[in-house]
Structure formats: C-alpha cells, structure tokens
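The values are calculated or read from the model by the stated rules, or taken from the named source; none is laboratory data. Since we're looking at a predicted model, the values are computed, not measured. Cβ atoms come from the backbone with ideal geometry, glycine included; neighbour counts cover every protein chain shown.
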Amino acid sequence: MAEIRLRRLAHSYERRPSTQADYALHELEHVWEQGGAYALLGPSGCGKSTLLNIISGLLSPSQGEVLFDDQPVNHLSPQARNIAQVFQFPVVYDTMSVFDNLAFPLRNQGLDEVRVRARVEEIAEVLELAGMLGKKARNLSADEKQKVSMGRGLVRDDVSAILFDEPLTVIDPHLKWKLRRKLKQIHEQFNITMIYVTHDQLEASTFADKIAVMHGGRIVQFGTPRELFERPRHTFVGYFIGSPGMNLVEVRAEGRGVAFGDVHLTLPEGIVERLAERPGARLQVGIRPEFVQVWDGPFDGAFEARVLDVEDLGTYRILTFALGGATLKARLGEDRTFPTGMAWVSLPAQWLMLYADDVLVETQP
C-alpha cells in the first residue's frame, strides 16, 4: 500500500503544447492517502483515464511528478511500481484455468506452490470463484471474467495500489450492485489503496469514501459523497451530482443580496462582502431540487411560481416550475400531493449557494 501524491502534474498529447486548450490534464496537486478507497468521477474526455494511466506508469506526464510514499516514480515501469490495474474490459488468459489465471502473478514472483494455492483459494473465496477454479477462463461469463481480472490484482499482497478503469462497463446491470458491494468489502478486509474511475455517480458513491470530481482536465472538488451533494464547490459538481442536478440560475448583485427577474434573495453579510471583491464576475445561485420547499398555499418568505410539469418517477416526483423568468425543479416524495397551476415555493437560505465564475463564494475562514 502507498500514499500517492501528484506534484504539479500536467499532461498534453501534443508534442509542443502552446495553449491551455492543448492540455488533457491541467496542472494539479493532489494526495490519495494510504489505504483509502477513492473514485475519480467525471464525464468522458475529462482526463480520468489519462490521470490513472500516469499513476500506473502506462503514460509519462508532460510535466510534474508522481510520488509513492514521497518517492518519485516517474522513471519506474508499471511493474516496478507494484501497481495492479483492472481495465474496462476483462483481461484474462482464456486458455488457462481460473486457478492458473489467479496464480499467474504469484508464480511470476517465484512464490512456492503451497503459498500460491493458499492465496489463490483465499481470494477465490472472497470473489465467489471457489467453485470454478478448475474451469477454463474462455467458458466464463463477462462478469465472471471481470472478477478473475480483479482477483489477479488482489491476489498479490505487495501491491502499492489497485486502479480500476470503469471495470463494470461490460457487467449486466443487475450484477453491478453486487460487484460494487464486493469491492467495498474487499477494501475493508484488505485495506488496500484503491482508485476507481467511473462516469457513474452511483458507482462512485457506493465504492468510495472520497470522490475526486474531474471537469475539463481538472479536479474541481475532492470530498465525501455527502460533501459533494450538500456543498458543491463548483457549478459542474452541482450539475453532475444528483438526479436531477442542482438548479442553477444566473443572477445580478442587488442591495444586500442577488436577484433574478423580480425575485430578490438576501445573502449572509459575509457572502455580500466577498461578492464586492468580484466585480464583473458571472453570478449564479444554486439549490438542490431536494431542498426546495413547496407549500400548499401562501407562506412567509415563499414565492408564487407557475407549475410547468410534474414527472411521476415512482418513489418521487419532479415538479418543474417557472419563477422570476427562470425554470427550476423541486423533488417531492411519492406521498406528497402536488400542486397544479400555481405553487408557493421557498429557497431556504442554508441550502442556497452563490457561485462567481462557477466557483462557490464562501465567507472568509
């Protein structure tokens, strides 16, 4: 296991990058602590796999360093870094048995067969492969092959980290939840540093203790699933996390707060002071649909809004409404009566976020 540190790391696939647009990864500093379960979350093309391949040694960065336990490893091969990587599509030896696939990394290390068998049987039991150790890998289903691929990474007890690059893409949907939970259990049992790349927020939240959200080649926020949901520090995090994503409305500074259309929102004094430091910035307010309050009639501090649509999604409903010239959404429980025509809505101050040029405005520490 290792602490993995990135120091002033950046990468471009261009031979002579000349502008920021030439970079797949913009300069970043980041630390994954030893023994943690982490996710890299973001859409296709944001730099997730590029970053993972730099950590593993499959790709050399244009600048900066990768350090394992404070030791630079840029010059080391993937094998010398003791990294195990599980790819999007299972990598197994079809002509070998499941046992021999799992034993392959251990035999390469020169371990005696008694230790090899003991370790293989231990990992096979954890991954529920014990009953098929004698089967040829070519006869396995896609999810069974992926479990063998994962097992080859887990079977070694000297790995610095295990890196997963969207490992459940080829897995049937009804098996994904089971495998996510299995990975979590394996992490808790063996305490291995794990980094899991995905574009699926549910996969990331199920597996990881902390998630690094990537956007445009940058890590825009690193935090627990709860932190990302309740206090997104970038508008992309608000938009990308949640179903539906955060309501984001462009606003203008006005008095002791901000406004959109004829709606005025009062902000805490500290936020107003910070706002004064950002003249000319593009301002947006954000609030999660879960935190919008919908009332049956007029209520103190509530705004009258026009109901545009109600989507019944079984366990909850999504109310879409027009307010101050903007379109917003509220998430209602399945047992909640929903309004028609007009509704009264509140935007609670404790859940209202203000963003300047996409970055959360916060009071001075």
Region 23-139: helices (runs of 4 or more DSSP H) wholly inside it with 1 or more residues that are in contact with an Asp or Glu (Cβ under 7 Å, 6 or more places away or on another chain) are 48-56
How many residues of region 222-259 are part of a loop (DSSP other than H, G, I, E, B) and in contact with a Lys or Arg (Cβ under 8 Å, 6 or more places away or on another chain)? The answer is 4
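Could you identify the single residue in VAL31, VAL86, VAL66, VAL92 that is among the β-branched types (Val, Ile, Thr), touching a residue at least 24 places away in the same chain (Cβ under 8 Å) and more than 24 Å from GLU203 (Cα to Cα)? Lay out the reasoning, then the answer.
Details: VAL31 fails: more than 24 Å from GLU203 (Cα to Cα); VAL86 fails: more than 24 Å from GLU203 (Cα to Cα); VAL92 fails: more than 24 Å from GLU203 (Cα to Cα).
It is VAL66.
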Among (1) surrounded by fewer than 20 Cβ atoms within 10 Å (Cβ to Cβ); (2) touching a helix residue (DSSP H, G or I) at 6+ places or on another chain (Cβ under 8 Å), GLN109 falls short only on (2)
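Anything in region 262-272 that is closer than 12 Å to THR363 by Cα and touching a residue at least 40 places away in the same chain (Cβ under 8 Å)? List them, or say none.
Within region 262-272, the first condition is being closer than 12 Å to THR363 by Cα, and the residues that meet it are 267-272.
Listed by number, the residues that qualify are LEU267, PRO268, GLY270, ILE271.
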LEU179 passes all but one of the listed conditions (1) more than 19 Å from LEU154 (Cα to Cα); (2) among the hydrophobic types (A, V, I, L, M, F, W, C); (3) touching a residue at least 12 places away in the same chain (Cβ under 8 Å); the exception is number (1)
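Per-residue answers, yes or no, for (1) within 18 Å of the chain's Cα centre (by Cα); (2) in the same structural domain as VAL91 (by TED's automatic domain parsing); (3) modelled with pLDDT under 85; (4) crowded, with 21+ Cβ neighbours inside 10 Å:
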residue	(1), (2), (3), (4)
ASN139	no, yes, no, no
PHE164	yes, yes, no, yes
LYS178	no, yes, yes, no
GLU188	no, yes, yes, no
THR206	yes, yes, no, no
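I'm trying to understand the selection: among the residues of region 260-276, which are part of a helix (DSSP H, G or I), within 29 Å of LEU332 (Cβ to Cβ) and acidic (Asp, Glu)? So that I can check it myself, show each step before the final result.
Let us first name the residues in region 260-276 that are part of a helix (DSSP H, G or I), namely 269-276.
Filter again for within 29 Å of LEU332 (Cβ to Cβ), leaving 271.
The answer is none; no residue qualifies.
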Expected single match for among the hydrophobic types (A, V, I, L, M, F, W, C), farther than 20 Å from VAL361 by Cβ and outside the structural domain of GLN201 (by TED's automatic domain parsing) among VAL307, VAL251 is VAL307
Is it the case, given these coordinates, that ALA281 is modelled with pLDDT under 95, touching a strand residue (DSSP E or B) at 6+ places or on another chain (Cβ under 8 Å) and not in a strand (DSSP E or B)? yes
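One residue is enough: does region 118-137 have a residue meeting the conditions modelled with pLDDT under 80, under 25 Å from ASP100 (Cα atoms) and either surrounded by fewer than 22 Cβ atoms within 10 Å (Cβ to Cβ) or not assigned by TED's automatic domain parsing to the domain that holds LEU40 (or both)? Spell out the reasoning first.
First, the residues of region 118-137 that are modelled with pLDDT under 80: none.
No, region 118-137 contains no residue that is modelled with pLDDT under 80, under 25 Å from ASP100 (Cα atoms) and either surrounded by fewer than 22 Cβ atoms within 10 Å (Cβ to Cβ) or not assigned by TED's automatic domain parsing to the domain that holds LEU40 (or both).
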Some residue of region 330-347 being closer than 20 Å to VAL251 by Cβ, at pLDDT below 95 and of a type in the set (D, E, K, R) = no
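Take SER77 and tell me if it is free of Cβ contacts under 8 Å to residues at least 24 places away in the same chain, in the same structural domain as ARG180 (by TED's automatic domain parsing) and of a type outside the set (Asp, Glu). Explain how you work it out, then say what you get.
Working: free of Cβ contacts under 8 Å to residues at least 24 places away in the same chain: yes; in the same structural domain as ARG180 (by TED's automatic domain parsing): yes; of a type outside the set (Asp, Glu): yes.
It is true that SER77 is free of Cβ contacts under 8 Å to residues at least 24 places away in the same chain, in the same structural domain as ARG180 (by TED's automatic domain parsing) and of a type outside the set (Asp, Glu).
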Here the residues within region 316-344 that are of a type in the set (Val, Ile, Thr) and more than 12 Å from ALA305 (Cα to Cα) are ILE318, THR337
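Filtering region 140-183 down to residues that are hydrophobic (A, V, I, L, M, F, W, C) and assigned to a loop (DSSP other than H, G, I, E, B), which residue is farthest from GLU125 (Cα to Cα)? Show your work before the answer.
Of region 140-183, the ones hydrophobic (A, V, I, L, M, F, W, C) are 140, 142, 148, 150, 154-155, 159, 161-164, 168, 170-171, 175, 177, 179, 183.
Right, trim to assigned to a loop (DSSP other than H, G, I, E, B) and you get 140, 155, 159, 168, 170-171.
Values: LEU140: 17, VAL155: 11, VAL159: 20, LEU168: 20, VAL170: 23, ILE171: 20 Å.
Taking the candidates together, the pick is VAL170.
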Filtering region 338-359 for residues that are buried (at least 16 other Cβ atoms within 10 Å of the Cβ), hydrophobic (A, V, I, L, M, F, W, C) and part of a strand (DSSP E or B) leaves a count of 6
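Residue check: is ALA322 at pLDDT 95 or above and of a type in the set (Gly, Ala, Ser)?
Taking the combined requirement at face value, the residue satisfies it.
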